Amino acid sequence: NHMEFHSRNDLKNSIYDGLFANVFATLTGGVFLTGFALYLGMSDAMIGMLGSIPFLVTAFQLPASYFLGKNGGRKIVTCWGAAIGRFTWVAILIVAVIPYFSAQTKSLFIIGLFFFSHSCISVSYVSWLSWISDLVPDNIRGKFFGSRNMICGIAGMLALIIFGNVLDRLKSHPSDGLHLGFGITFTAAVVFGMLGLYFLGRI
């Protein structure tokens, strides 16, 4: 019936959103983030700070949960949080290529933007979890999230292999190939993030 069709479409869109969101997270975290930090000349303390930010910002999930419980609007918070968090990487890219800033100024700006990005994504995640849990019927919840996580994992692994190879090939380029490599990687991350948002908005 009509409701079942909508429910199937919502679950399908959630899988596509997860797939693209996971590619975005892979390309803006882990080895890519560490490599980018080293390329910018960040100190060990700064790299440690970058690594701790995704865990620190989970503190914002508590007031966000309280706000959502009182006011609702889970889809709006999810979509806007994800959109702002992903778009912030455009600003990170711009700061990285501005020639007038010193290496330390760039690093501090980027750490601040990274903190802001992950704060928005963290709030978006807690809102998404509550919203999607209500959309997925109880009798298929385990199967759905299991399949979704597997597909997201495969997408992230493929992104790691493909863009890892791109960076490896470009780093030996005579005219600062890593500059181009990180530009391609993070631009692709934002594009994938936007694709995820398109499917998120259709739920």
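GLY183: farther than 22 Å from SER14 by Cα and touching a Lys or Arg at 6+ places or on another chain (Cβ under 8 Å), yes or no? Against the criterion (farther than 22 Å from SER14 by Cα and touching a Lys or Arg at 6+ places or on another chain (Cβ under 8 Å)), GLY183 does not qualify.
In this structure, does LEU93 turn out to be open to solvent by less than 60 Å² (accessible area, probe 1.4 Å), more than 20 Å from ILE132 (Cα to Cα) and in contact with a Gly (Cβ under 9 Å, 6 or more places away or on another chain)? It is true that LEU93 is open to solvent by less than 60 Å² (accessible area, probe 1.4 Å), more than 20 Å from ILE132 (Cα to Cα) and in contact with a Gly (Cβ under 9 Å, 6 or more places away or on another chain). One residue stands out in the stretch 70-99 among those that are β-branched (Val, Ile, Thr) and closer than 16 Å to VAL191 by Cα: the one that is modelled with the lowest pLDDT, namely ILE94.
Applying the condition of being closer than 20 Å to PHE20 by Cβ and without any contact (Cβ under 8 Å) to a residue 40 or more places away in the chain to the stretch 132-148 and asking which residue is surrounded by the most Cβ atoms within 10 Å (Cβ to Cβ) yields PHE145. Considering each residue of the stretch 159-180 in turn, at least one proves to be open to solvent by 40 Å² or more (accessible area, probe 1.4 Å), among the basic types (Lys, Arg), assigned to a helix (DSSP H, G or I) and more than 19 Å from ARG74 (Cα to Cα). Report, by residue number, each residue of the stretch 96-131 that is of a type in the set (Val, Ile, Thr), closer than 17 Å to PHE182 by Cα, loosely packed, with under 15 Cβ neighbours inside 10 Å and out of contact with any His (no Cβ under 9 Å at 6 or more places or on another chain). Within the stretch 96-131, just ILE98 meets the criteria.
Of the residues ASN139, ASN149, only one is more than 20 Å from the chain's Cα centre (by Cα) and part of a helix (DSSP H, G or I); which?
ASN139
Yes/no per residue for (1) surrounded by 15 or more Cβ atoms within 10 Å (Cβ to Cβ); (2) closer than 19 Å to PHE182 by Cα:
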{"position": "LEU19", "(1), (2)": "yes, no"}
{"position": "ASN22", "(1), (2)": "yes, yes"}
{"position": "ALA45", "(1), (2)": "no, no"}
{"position": "TRP80", "(1), (2)": "yes, no"}
{"position": "PHE87", "(1), (2)": "yes, yes"}
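The residues on offer are PHE32, PHE5, PHE24, PHE67, and the sole one that is at pLDDT below 90, outside any loop (DSSP other than H, G, I, E, B) and over 22 Å from ARG141 (Cβ atoms) is PHE67.
Do we have any residue at all in the stretch 147-160 that's of a type in the set (Ser, Thr, Tyr) and under 25 Å from LEU62 (Cβ atoms)? No; the residues of the stretch 147-160 include none that is of a type in the set (Ser, Thr, Tyr) and under 25 Å from LEU62 (Cβ atoms).
The values are calculated or read from the model by the stated rules, or taken from the named source; none is laboratory data. Every value quoted in this text rests on a predicted model; they were computed, and no experiment measured them. FYI the Cβ positions are ideal-geometry reconstructions off the backbone, even for glycines, and counts take in every protein chain you see. Calculation scope for accessible area: heavy atoms of the full protein, side chains included, ligands and nucleic acids excluded. Shrake-Rupley method; radii C 1.70, N 1.55, O 1.52, S 1.80 Å.
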